[in-house]
Amino acid sequence: MPTPAAGSGDDPDPRRWQPLPTQLQRAEAAGVAVTVVTRPALAHTGLSVAAYRSGAHRGADDADALATEMLGALTAGDGPTLVYGYHPEVDRHGHRSGIDSADWRSAVAEVDALVARLVDGLPPDAALLVTADHGQLDIPAEGRYDLDTDPRLRAGLRVVAGEARVRYLHTLPGATADVVAAWTAVLGEQAWVATREEAVAAGWFGPVPEAHLPRIGDVVVACLAPTVVLASKTHNPIETTLVAYHGSCTATEMTIPLLVVRP
């Protein structure tokens, strides 16, 4: 399926949904030439516009093209330059095949070769920063809950948002306390179940403008154990076929590497 462009269909305008200046916009405002290198299909998606919103785009369909385009952009200008490149294969194979699977190991080896090529091609006054946006963990069958087949989890809900590891539950009028009680009873210590007010007070989202509070949902459910909450009938069915997931607050998901290389 083609990736929808920003603002297409029923998607909100990403510039209104995420109105703050991005780091790439700040870099450009400071006189830095910015380039984003990603898969061509990702160039104009809502997420890309919300996260980057600036810089020239270069398409790269694989690791070799990614290295070529990143190094080309890095050496194209004379002034300060920032090149951001994204390679999705480790994440993709983790989701589909699981952490430490053969496909996952192959993707990690590909990234290793990609980094080596970038290091070899760095100009003497450049630096390479390698990081990830999150970790992942495999979820066993016994850790999978389906709110579309469990009436205890479906009761009192108007809209279910978020992803499998962190759900944002928008409740029917007057049902919030019952939803918190039901989800706490079902998930127990496997998840943190809190009201919106409790989650905001705990600092999960930093300062939240009044207008943004309804986005969070009336109830926040963050999985702590190897657990997910799926919606097999009402959400994308691909979600139920994944092996590994991410999105919550465990060390496995939030502790990520940062490798800095200077010639």
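A few comments on the model shown:
- Some residue of region 185-192 being modelled with pLDDT of 95 or more, open to solvent by less than 70 Å² (accessible area, probe 1.4 Å) and closer than 30 Å to residue 69 by Cα: no
- Boolean, residue 83 is under 21 Å from the mean Cα position of the chain (by Cα), at pLDDT 95 or above and among the hydrophobic types (A, V, I, L, M, F, W, C): yes
- Answer residue from region 6-65, given it is β-branched (Val, Ile, Thr) and assigned to a loop (DSSP other than H, G, I, E, B) and is farthest from the chain's Cα centre (by Cα) among those: 32
- Residue that is nearest to residue 163 (Cα to Cα) [pool: residues in region 247-258 that are open to solvent by less than 30 Å² (accessible area, probe 1.4 Å) and not in a helix (DSSP H, G or I)]: 248
- Any hit, region 208-228, residues being over 21 Å from the mean Cα position of the chain (by Cα), under 18 Å from residue 160 (Cα atoms) and surrounded by fewer than 13 Cβ atoms within 10 Å (Cβ to Cβ): no
- Output for region 220-235, where each listed residue is of a type in the set (Gly, Ala, Ser) and touching an Asp or Glu at 6+ places or on another chain (Cβ under 6 Å): 231, 232
Each row is one residue, and each column tells you yes or no for (1) touching a residue at least 40 places away in the same chain (Cβ under 8 Å); (2) open to solvent by less than 40 Å² (accessible area, probe 1.4 Å); (3) within 27 Å of residue 243 (Cβ to Cβ).
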position	(1), (2), (3)
15	no, no, no
22	no, yes, no
53	no, no, no
61	no, no, yes
71	yes, yes, no
87	no, yes, yes
106	no, no, yes
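- Among the conditions (1) of a type outside the set (S, T, N, Q); (2) closer than 22 Å to residue 253 by Cα; (3) in contact with a helix residue (DSSP H, G or I) (Cβ under 8 Å, 6 or more places away or on another chain), residue 208 misses just one, which is (2).
- Yes/no for residue 201 being touching a Phe, Trp or Tyr at 6+ places or on another chain (Cβ under 8 Å) and modelled with pLDDT of 95 or more: no
- A Cβ distance below 8 Å, combined with a sequence gap of six or more or placement on separate chains, defines the contacts here; from region 149-173, residues that are acidic (Asp, Glu) reach residues that are surrounded by 16 or more Cβ atoms within 10 Å (Cβ to Cβ) and outside any strand (DSSP E or B) in the pairs 150/186; 163/247.
- Subset of region 124-147 (residues that are part of a loop (DSSP other than H, G, I, E, B) and either touching a strand residue (DSSP E or B) at 6+ places or on another chain (Cβ under 7 Å) or open to solvent by less than 30 Å² (accessible area, probe 1.4 Å) (or both)): 126, 127, 135, 136, 139, 147
- Selection of region 102-112 for residues being out of contact with any helix residue (DSSP H, G or I) (no Cβ under 7 Å at 6 or more places or on another chain) and of a type outside the set (S, T, N, Q) yields 102, 105, 109, 112.
- Test for residue 196: is it open to solvent by less than 30 Å² (accessible area, probe 1.4 Å), among the basic types (Lys, Arg) and on the phi < 0 side of the Ramachandran plot: no
The values are calculated or read from the model by the stated rules, or taken from the named source; none is laboratory data. These figures come from a predicted structure and were not determined experimentally. Virtual Cβ from ideal backbone geometry, glycine too; neighbours counted across all protein chains shown. Ligands, DNA and RNA are stripped out before the accessible areas are found, and what is left, the full protein with its side chains, is counted by its heavy atoms. Shrake-Rupley method; radii C 1.70, N 1.55, O 1.52, S 1.80 Å.
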